[in-house]
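In what follows, a structure is listed as structure tokens, so that the remarks can point back to it.
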Amino acid sequence: MTVKIAHTAELQKFFEEAAGFTNDGGNSRLKTIVLRVLQDTARIIEDLEISEDEFWKAVDYLNRLGGRSEAGLLVAGLGLEHFLDLLQDAKDAQIGLTGGTPRTIEGPLYVAGAPLYEGECRMDDGSEEGVATVMFLEGQVFDPQGQPLAGATVDLWHANTKGTYSFFDQSQSEYNLRRRIITDAEGRYRARSIVPSGYGCDPQGPTQECLDLLGRHGQRPAHIHFFISAPGHRHLTTQINLSGDKYLWDDFAYATREGLVGEVEFLEDAEGRRAELKFDFQLQQAPDAAAQQRSQRPRALQNA
């Protein structure tokens, strides 16, 4: 027999107390959110007849997820980070703010404070020379009217040939494959780097454990992350997903979107094999000052 108590006045009063509504301290916004979480969790337990064993297994899973710092990976894998993009797209459309390069997920592997260069730079430290394919990446940043944006900041980062990122992979040098480039007078940025590899979730980690139970893989295509910013323009969080990758349109993190596929051209000459990739970005006008800044999401900082 199914017992239903989540909707009773007594339980609602109890949850209001647990969420802090019976005191004058704390944060009112957080109280409202916690109350909703408690109410919805209780309804899920009742409606789906969650057993005590299942409940405590979920609690243990959350402990392990946090212990491995994989919460950011799981929210991407479950499509919640992509949902935030879709929600913002819908909000933009509602106020008539359209155009520009599409946004897509940031992912959990950004590190603040990368070296800053004017116009062009080299991104790799040479540690994979002879193994990696050299990649020349360039493009322009444009304003909403299609005019080149000088002085824009192109903050980019990507994985090495093993699919790992500096800082999180302690075997790599500081800020390897992480740079910030200020665009030149024609809005151009240029970088010499290496062709990155895609990556998969740790097969032994809690994110892949969840995906396995959902019958899903945890693979990402090769990609390059970007923050693009310029005074008076809306901050853009996006990434280029590289053409030809097996997982280009089967990304477990749902980051590939129309308009964000980078066409890589591989060339062979006397100096060896290399790749060339050209990709331009167009920014939107900022509707307010806050839109010029990236979100306040907590991020890693080298040597913090």
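Numerical summary
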item	result
Rounded Å value of the spacing that divides the Cα centres of segment 254-304 and segment 14-56	39
Mean Kyte hydropathy of -1.0 or more with a Cα span along the axis of at least 15 Å, helices from DSSP in the chain	28-47, 52-67, 80-94
Point-to-point label distance, Tyr61-Asp40, nm (Cα→Cβ direction, 7 Å offset)	1.6
Top positive-direction residue, dipole computed over segment 36-122 with Cβ charges, set Gly79, Ile44, Leu109	Leu109
Listed residue pairs exceeding 30 Å between alpha carbons, taken from Lys4/Lys91; Lys91/Lys246; Lys246/Lys278; Lys31/Lys91	Lys4/Lys91; Lys91/Lys246
Within a Gaussian network of the chain (alpha carbon springs, distance under 10 Å), most fluctuating of Gly244, Gly187, Gly26	Gly26
Calculated SAXS-style log₁₀ I(q)/I(0) at q = 0.17 Å⁻¹ - segment 59-188, Debye, Cα scatterers	-1.13
The chain: most fluctuating residue of Thr183, Thr133, Thr207 per GNM, C-alpha cutoff 10 Å	Thr133
Segment 74-301, Cα convex hull volume normalised per residue, Å³	129
Segment 154-193 residues near the modelled Glu118 label - backbone nitrogen below 17 Å, point 7 Å along Cα→Cβ	154, 180-191
Rotationally averaged projected area of segment 1-50 (alpha carbon convex hull; nm²)	3.5
Cα gyration tensor category, rounded, prolate or oblate, for segment 192-304 with a/c compared to 1.5	oblate
Separation of alpha-carbon centers, segment 188-236 and segment 117-146, rounded to whole Å	17
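No value in this document is a laboratory result; all are computed from the given coordinates. Nothing here was measured: the structure is a model prediction, and the numbers come from that model. Glycine also receives a Cβ, built like all others from the backbone with ideal geometry; neighbour counts cover every protein chain displayed.
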